[in-house]
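Novice: Dropping the structure in here first, questions after.
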Amino acid sequence: EKQLVESGGGLVQAGGSLRLSCAASGFTFDDYAIGWFRQAPGKERERISCISNSNGITHYADSVNGRFTMSTDSAKKTAYLQMHSLNPEDTAVYSCAADCTYFYSTGILEVWGQGTSVTVSS
């Protein structure tokens, strides 16, 4: 069974940092473009980052560009999201999913993680 499991969420003060992890299993990690998504209460889910499995290029949403950095570790089959300069607007449930490149063009995702909650206090 294809699975993605997130971890690393929690409560952090504004201006702080967190690193989220996304562990993959049940599929060939390098065959999928892994992305990070978030959904805040009362808002639609948004794609915040996506790294191409073909060329390694990473795209970020304007809302997080310059503050968040995504990376992957093929040996560990894990994706990461390093978040800096967090503000209350970043409060959301963060999920990883695949294939984010395919999602960009079709709106379809094959596998989702359950998500990890991030709360940023002012």
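Novice: In what sequence, largest accessible area first, do 94, 60 appear using a 1.4 Å probe?
Specialist: The most accessible residue leads, giving 60, 94.
Novice: Moving on to the next point. For the chain, calculate the relative contact order in percent as a whole number, restricting contacts to Cα pairs under 8 Å that are 6 or more residues apart.
Specialist: 36 percent
Novice: Something else now. In vacuum, with every alpha carbon of segment 45-108 counted as one equal point scatterer, what does the Debye formula give for log10 I(q)/I(0) at q = 0.20 Å⁻¹? Two decimals, please.
Specialist: -0.87
Novice: Could you put 84, 59 in order of accessible surface area, largest first, with the 1.4 Å probe and the full protein assembly present?
Specialist: Reading off the accessible areas and sorting them downward yields 59, 84.
Novice: Taking the mean number of other Cβ atoms within 10 Å as a proxy for protection, how do you rank 20-28, 50-58 from highest to lowest?
Specialist: Result, highest mean Cβ count within 10 Å first: 20-28, 50-58.
Novice: Still on this structure, please answer the following. Tell me the carbon and sulfur percent of the accessible area for segment 1-76, rounded to whole percent, probe radius 1.4 Å.
Specialist: The computed percentage sits at 42.
Novice: With a 1.4 Å probe and all protein chains left in place, how much accessible area per residue does the chain have, in Å²?
Specialist: 53 Å²
Novice: For segment 1-77, build the convex hull from the C-alpha positions and give me its volume per residue in Å³.
Specialist: Cα convex hull per residue, to the nearest whole number: 120 Å³.
The values are calculated or read from the model by the stated rules, or taken from the named source; none is laboratory data. Only a predicted model underlies this, so the values are computations on that prediction, with no experimental measurement involved. Using ideal geometry, Cβ is built from the backbone for each residue, glycine included, and neighbour counts are taken over all protein chains shown. In case anyone asks, the SASA skips ligands and DNA or RNA and just uses the protein heavy atoms, side chains included. Shrake-Rupley method; radii C 1.70, N 1.55, O 1.52, S 1.80 Å.
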